[in-house]
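> Pasting a structure below so you can have a look.
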Amino acid sequence: MVYLAFALCCLIWGSTFLAIRIGNEAVAPVWAATLRLALAMPALALLAWATRARWPRGAALQGALLFGFFNYGVNLALLYWGEQTVPSGIAAVFYATVPLSTALLAAVFGVERLAARKVIAATVAFVGVGVIFAGELSLAVPLAGLLAILGAATAAALSTVMLKRAPRQDTVPANAVAAAAGLPVCLVVSTLLGEARTLPETSAGWFPILYLVVAGSLGAYLLYTWLIKSWSVTNASYIGVIVPIVAVILGAIVKQERPAPLTFVGAAIVIAAVVYALRPAPQTAVRSAAPAP
């Protein structure tokens, strides 16, 4: 069951980047993110009510709001807008750097100490990101789109740190509050961009939005919550390594995305750096105090 849950999480989250790109063809990008949050927020609230989870208050509420502002607001707005021009697989590779960015930002905000392993991995990963930039720019992918995706991944990392700084809280109601905080951000950005804020007129237009709500915001989340309670957290964290690979494959099959050869080199560097960072730290052998025979 744990392997099945792991595979489903990888497949669902690996497909969300493709779903966003497909949805952008029918609905204005940031407006699509707004609709997604408008549907996800009551769904999460209902789930929190059904499970009788405790809603955040005080400092916990502030942490949930900051998490929502950066993750559901800034992150989704930049991601949806950037995926108008950036291949979905490449967007997923950028998100593979989130654990490393989180480690750096956690040290900046005094949440966790920064291990040397994470510094090395982050340095190597961002070299890989630079290689990806070079490869995609050679294919005339707009620099603004690439910067938007990188900014989105950084905002996602910052949101995690904001939540980590807050008191421990139930995750379902925290995400419901976060979705409520991110909704007005996406709505304001959509308005400033002058997007057409109309509802999809076809089932093909609604499908990516509903898929992202049901599978991405609810299904995969519940699977992952069960997984980390039933399996090693380190094993579960490798989902972040598999997701970009799934996204690249799906993008190539469905949308005929063809990244530059140099982009694959950069992606390999990023994934290798993340694998290195996720490996458990070696245990230090304990020397015996007994005298040698």
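> Filter segment 105-116 down to residues that are surrounded by 15 or more Cβ atoms within 10 Å (Cβ to Cβ) and in contact (Cβ under 8 Å) with a residue 24 or more places away in the chain and give me whichever is farthest from residue 241 (Cα to Cα).
Within segment 105-116, the match that is farthest from residue 241 (Cα to Cα) is 111.
> Return a yes/no flag: does segment 262-280 have any residue that is modelled with pLDDT under 90, over 17 Å from residue 128 (Cα atoms), exposed (fewer than 15 other Cβ atoms within 10 Å of the Cβ) and not charged (D, E, K, R).
yes
> Now for a different question. Using the structure shown, decide if residue 87 is buried (at least 20 other Cβ atoms within 10 Å of the Cβ) and not acidic (Asp, Glu).
yes
> If the Cβ limit is 8 Å and pairs must be 6+ apart or interchain, which residue in segment 155-175 that is touching a residue at least 12 places away in the same chain (Cβ under 8 Å) and surrounded by fewer than 20 Cβ atoms within 10 Å (Cβ to Cβ) pairs with which residue that is basic (Lys, Arg) and assigned to a loop (DSSP other than H, G, I, E, B)?
Taking only residues 6 or more apart or on different chains, the pairs are 170/54.
> Another one. Quick one: which helices (runs of 4 or more DSSP H) sit completely within segment 74-154 and have at least 2 residues that are polar (S, T, N, Q) and under 25 Å from residue 212 (Cβ atoms)?
On the way: elements: 76-82, 88-95, 98-108, 116-137.
Here the list reads 98-108.
> Could you grab me the full set of residues in segment 117-132 that are closer than 23 Å to residue 159 by Cβ, of a type in the set (A, V, I, L, M) and crowded, with 18+ Cβ neighbours inside 10 Å?
Once the filter is applied, which keeps residues that are closer than 23 Å to residue 159 by Cβ, of a type in the set (A, V, I, L, M) and crowded, with 18+ Cβ neighbours inside 10 Å, segment 117-132 yields 121, 122, 125, 129, 132.
> Any chance segment 243-253 includes a residue that's in a loop (DSSP other than H, G, I, E, B) and modelled with pLDDT under 90?
Checking segment 243-253: not a single residue is in a loop (DSSP other than H, G, I, E, B) and modelled with pLDDT under 90.
> Please specify each residue of segment 9-30 satisfying the condition of being farther than 12 Å from residue 79 by Cα and over 16 Å from the mean Cα position of the chain (by Cα).
Selection gives 22, 23, 25, 26, 27, 28.
> Just to be sure I understand the filter: pairs with C-beta atoms under 9 Å, separated by 6 or more residues or on different chains, first member in segment 77-90 and touching a residue at least 24 places away in the same chain (Cβ under 8 Å) and of a type in the set (Val, Ile, Thr), second member in a loop (DSSP other than H, G, I, E, B) and surrounded by fewer than 24 Cβ atoms within 10 Å (Cβ to Cβ). Which pairs pass?
Close Cβ pairs satisfying both conditions: 85/141; 85/142; 86/141; 86/142; 90/141; 90/257; 90/259.
> Which one is nearest to the chain's Cα centre (by Cα) among residues in segment 202-238 that are surrounded by fewer than 13 Cβ atoms within 10 Å (Cβ to Cβ) and at pLDDT 85 or above?
Result: 204.
The values are calculated or read from the model by the stated rules, or taken from the named source; none is laboratory data. Just so we're clear, the structure is a prediction, and the values are computed from it rather than from any experiment. Reconstructed Cβ throughout: ideal geometry from the backbone, glycine too, with neighbour counts over all protein chains shown.
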